[in-house]
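Here the structure is laid out as structure tokens; the discussion comes afterwards.
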């Protein structure tokens with residue numbers, strides 16, 4: 001890379017670190033990072049493997065993406081930075097997410113776990129699809145799938161979907177705890193709840209909708225909400241400090 005290309009690459013990585021992704025459209029991208037349009041296009045063309053589509057995973061190319069996403073709204077990301085960012089957000093050691101994305105499985109507990117040992121969450125939770133999908137009955141991913149079914153008011157057409165949902169959760173590069181936090185946030189956020197209700201009315205897969213179509217948006221929204229909450233806490237702490245301090249004039253009793 002030339003020094004100019006290194007600068008463009010660094011600005012792109014900063015954009016992704018803050019917002020979770022960067023625009024696929026080179027014109028929009030060059031305006032955001034403050035680079036020349038033709039230089040940005042040359043960089044993306046020469047180093048297309050560093051920017052893959054967030055929807056389908058294909059490398060950047062000058063034509064429309066293979067997944068059919070709109071050029072104006074499609075986004076890309078760098079996979080290595082995505083995994084590092086997820087580790088930081090999840091509070092994990094750097095490099096934790098990468099082995100799981102490559103198919104590294106966690107060691108199984110010794111001995112056979114009887115089905116009766118599983119403790120499903122409260123409520124009439126579906127379980128008939130567990131054996132069909134080959135999911136361990138007490139796995140964290142299956143517990144999350146069952147909880148998610150309860151969070152969205154237990155739609156009947158999703159009664160036998162928990163096994164498939166658990167497989168989708170397991171296939172994510174993020175930890176199950178991180179996916180749980182994201183799904184829980186989405187079921188409590190007004191913007192994502194509106195989209196979820198529309199998906200449920202159409203009897204589509206709500207987990208695919210959140211994990212495949214809206215996950216990057218959820219992460220961005222979570223970060224913005226956390227930043228606002230942190231700022232409110234800091235402001236509240238300063239106000240309390242101001243209240244506690246009395247001037248010499250105020251301490252004088254008349």
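The values are calculated or read from the model by the stated rules, or taken from the named source; none is laboratory data. All values derive from a computational prediction rather than experimental measurement. Neighbour counts run over all protein chains shown; Cβ positions are idealised from the backbone, glycine included.
General observations
- When 223, 204 are checked against the criterion of being assigned by TED's automatic domain parsing to the domain that holds residue 162 and more than 23 Å from residue 150 (Cα to Cα), 223 stands alone in meeting it.
- Test: residue in region 139-151 that is at pLDDT below 90 and either out of contact with any helix residue (DSSP H, G or I) (no Cβ under 9 Å at 6 or more places or on another chain) or exposed (fewer than 11 other Cβ atoms within 10 Å of the Cβ) (or both): no
- Filter result for residue 30 (part of a helix (DSSP H, G or I) and surrounded by 18 or more Cβ atoms within 10 Å (Cβ to Cβ)): yes
- Looking across region 191-220, the residues that are touching a residue at least 60 places away in the same chain (Cβ under 8 Å) and within 17 Å of residue 165 (Cβ to Cβ) come down to 207, 212, 213.
- Number of residues in region 21-53 that are touching a strand residue (DSSP E or B) at 6+ places or on another chain (Cβ under 7 Å) and touching a residue at least 40 places away in the same chain (Cβ under 8 Å) equals 4.
- Given (1) in contact (Cβ under 8 Å) with a residue 24 or more places away in the chain; (2) over 25 Å from residue 55 (Cα atoms), index of the condition residue 156 fails: (1)
- A search for C-beta distances below 6 Å between a residue of region 81-92 that is free of Cβ contacts under 8 Å to residues at least 60 places away in the same chain and on the phi < 0 side of the Ramachandran plot and any residue that is part of a helix (DSSP H, G or I) and crowded, with 16+ Cβ neighbours inside 10 Å, counting only pairs 6+ apart in sequence or on different chains, returns 87/97.
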